[in-house]
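Reviewing the structure listed below.
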Amino acid sequence: MYSYNRGGYGDYGDGREMAPKRQRLIDQASSYYGTSPGYGASPGYGALNAYGASGGSSFTYNPPPYSGHSSQAPPFPVVRLRGLPFDCTEADISEFLRGLDIVDILLVHKGGRFSGEAFCVLSYPTQVDFALQRNKQNIGRRYVEVFRSKKHEYYKAIACEVSEGQISSPRRGSRARSYDEGKDLLEHTGILRLRGLPYSVRRQDIKTFFKDFTLADDDIHVTYNSAGRPSGDAFVKFASPEDSKLAMVKDKKTLGSRYVELFPATQEEMDEAIAVGRPNEDDQNEPVKHTGILKLRGLPFSATKEDVSEFFNGFVLKEDAIHITVNSNGRATGEAFVEFANAEDSEAAMEKDRKTLGSRYIELFASSQEELAEALAKGR
């Protein structure tokens, strides 16, 4: 069973919060999902009016086309989590749902205390099915239930949070304006800090985000916490202070499903952030050496060697090159190792990373003979 061990991942001590993203999600609701079902007009939910459900936001939320009936509106992509630890944070939930594009996380409070429930809005409807695969998996020692939810349930929860004072209206007026103006007064050194990145972001994604500027891999530094997990921040070193100042035009623009904040930074700030933590071995921002072996994670427990061979259709695999691992009780772990003819083939096969096998999406990682032998030994 997958178990996420919490370890300080994604420290939000810098004040980063989901509320601005939540505002933009609600602002654009009428343009994609249709208007909220009457909560603004209900006296019981008057606090929701503070969010101003209008279509005037600059935030762009463009999920892929919905494959359902053409006249049917796509379902709102939200899930509800129940049974969360009472000291759970947004970062814990982000790690629990790692691999999915999260638009918003709303922790639910009752009587001023966290209730152990949360809502999580995903970037498009099909990701709900992937989130449901985490049902009854663990955060720490607690197993968490994951349910489908609905837009009106999520909006109602926001209204209750506002009325209880747990979240304030994102329309911060002059305070927000003075905050943004303060950034304009900061001195540019040629380095920008990016905050609010998707945890799965890669250097190439950041290069594309700043496509009007010439950046080398060594100019982009995705930062990590002490547990080796992405922090959601990065630093980018431009050719000159003039370039970094011009790049501020991308402040609060979207990368994937997240909107990204930019701040002028210094070499000292960047060095300090890099020193906090090093990435885990499977992080895709670090150079990966292929040995001809791939590790698969997230397989259906009923998956067979034939299923894996079909997944890698187009690559020549021998049956004895596919190793589906089991635990000490002989039960499938949901992982497998595949030996390819050479390192070039295993690297080419990475194009299947996060593609689906049955109803599950599969993660691929470069592996080694030693890791394969260790995994097989555990099931003997």
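Remarks
- Answer residue from the stretch 311-359, given it is within 19 Å of R134 (Cβ to Cβ) and buried (at least 16 other Cβ atoms within 10 Å of the Cβ) and is farthest from the chain's Cα centre (by Cα) among those: A332
- Taken over the stretch 231-271, the criterion of being at pLDDT 90 or above, in a helix (DSSP H, G or I), open to solvent by less than 10 Å² (accessible area, probe 1.4 Å) and of a type in the set (A, V, I, L, M) is satisfied by A247 alone.
- Flag for V308 being open to solvent by less than 30 Å² (accessible area, probe 1.4 Å), assigned to a helix (DSSP H, G or I) and at pLDDT 85 or above: yes
- Residue count for the stretch 328-369 under the criterion of being closer than 18 Å to D307 by Cα, part of a strand (DSSP E or B) and among the aliphatic types (A, V, I, L, M): the result is 6.
- Applying a threshold of 8 Å to beta carbon distances and a minimum spacing of six or more residues, or different chains, the list of pairs starting in the stretch 361-374 at a residue that is among the basic types (K, R) and ending at one that is at pLDDT 85 or above and surrounded by fewer than 19 Cβ atoms within 10 Å (Cβ to Cβ) is empty.
- Of all residues in the stretch 215-230, those being among the basic types (K, R) and open to solvent by less than 20 Å² (accessible area, probe 1.4 Å) number 0.
- Selection from the stretch 81-101 of residues that are within 8 Å of the chain's Cα centre (by Cα) and open to solvent by 10 Å² or more (accessible area, probe 1.4 Å): R98, G99, L100, D101
- Residues of the stretch 108-141 satisfying the condition of being over 15 Å from Y154 (Cβ atoms), of a type in the set (F, W, Y) and either within 15 Å of the chain's Cα centre (by Cα) or surrounded by 20 or more Cβ atoms within 10 Å (Cβ to Cβ) (or both): Y124, F130
The values are calculated or read from the model by the stated rules, or taken from the named source; none is laboratory data. Remember, it's a predicted structure, so these values are computed and weren't measured experimentally. Backbone-built Cβ (ideal geometry, glycine too); neighbour counts: all protein chains shown. Side chains included, ligands, DNA and RNA excluded: accessible areas come from the protein's heavy atoms. Shrake-Rupley method; radii C 1.70, N 1.55, O 1.52, S 1.80 Å.
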